Amino acid sequence: MIYTSIKNWAEEDRPREKLLEKGCGSLTETELLAILIGSGTKNASALDIAKIIFSKANNNLNELYKCSISDLMQIKGIGNAKAIILSAAFELGRRRNIAEARQKKQITSSKEIFNLMHPKIGDLKHEEFWAIYLNHKNAILGEKRISAGGITQTTVDTKLIAHSAIKYLATGIIVCHNHPSENCSPSHEDKVITSQINNAMKLIDCTLLDHVIISGERYFSFCDEGLL
């Protein structure tokens, strides 16, 4: 295969020129990634490297966002500086998703909980447990990470959850955690802690509205399944 630098391509085929002329929407994900990469190597263009990165991520954006700096640096042509740039871009994408979810005045469904929390915990390789505090209109007052643990479990202190509920003067609460195993079904321990939180919230006149378990692109809602 003969390598041809992007500089030698027809101008309308170069990612940067294509973006300037036709806008971001005209570019493929690979072309957008190539712009972030900036330059290639002696034997591969930035677009070639972008294609390799996407293939490593099974040509899936969600898998791509899971790539760490060390993962990216394993690809020839991606050094520390480029890996940092790509990682920062992925984080901006995650935060945009969070910002969009927060723009809603109220939380009205488990899907909205998923949209809010998936960018935070959906791609983690360890478990994290979060609480979302709401007012009487189900508007978000605040979010708090309660604990972070290992691959299969994390310790949850109901006193910390109740303390923050009092601090926010919350009338409702939603708890959420992730399953790195990509099995979103609740474990026995998940059911026990849900019951404990539910009982603790009743003591401070705060309602546990839902417990959502996120695993990859899927989720489980205790409320939807009639378990709350």
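Every read-out reported here was derived from the displayed coordinates using simple, explicitly stated rules and does not represent laboratory data. Every value quoted in this text rests on a predicted model; they were computed, and no experiment measured them. Note that each Cβ is placed from the backbone with ideal geometry, even for glycine, and that neighbours are counted across all protein chains shown.
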Computed over the stretch 61-187, Kirkwood Rh from alpha-carbon pairs, angstrom
16.2
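How much FRET efficiency would the formula 1/(1 + (r/R0)^6) give for R96 and S187, where r is the Cβ-Cβ distance and R0 is 35 Å, rounded to 0.05?
Details: r = 32 Å, r/R0 = 0.92.
About 0.65, to the nearest 0.05.
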Could you calculate the contour length gain from S70 to H136, that is, 0.36 nm times the residue separation minus the distance between their Cα atoms, to one decimal place in nm?
19.3 nm
Would you calculate a helix-derived [θ] at 222 nm for the chain, using -39,500 (n - 2.57) for each DSSP H run of n ≥ 4 and dividing by the full residue count, to the nearest 500?
-13000 deg cm²/dmol
Going through the cross-link list K22/K120; K51/K144; K51/K125; K82/K167; K125/K202; K22/K51, which pairs have a Cα-Cα distance over 31 Å in this structure?
K22/K120; K51/K144; K82/K167; K125/K202
State the extension gain, in nm to one decimal, for the chain segment bounded by E112 and T28, taking 0.36 nm per residue of separation less the distance between their alpha-carbons.
27.4 nm
Note: the stretch 116-170 at 25 °C, 0.890 mPa s; Kirkwood Rh on alpha carbon pairs; Stokes-Einstein D in µm²/s works out to 203
Rounded to two decimals, what ratio of Rg to Rh does the chain give with C-alpha atoms and a Kirkwood Rh?
1.10
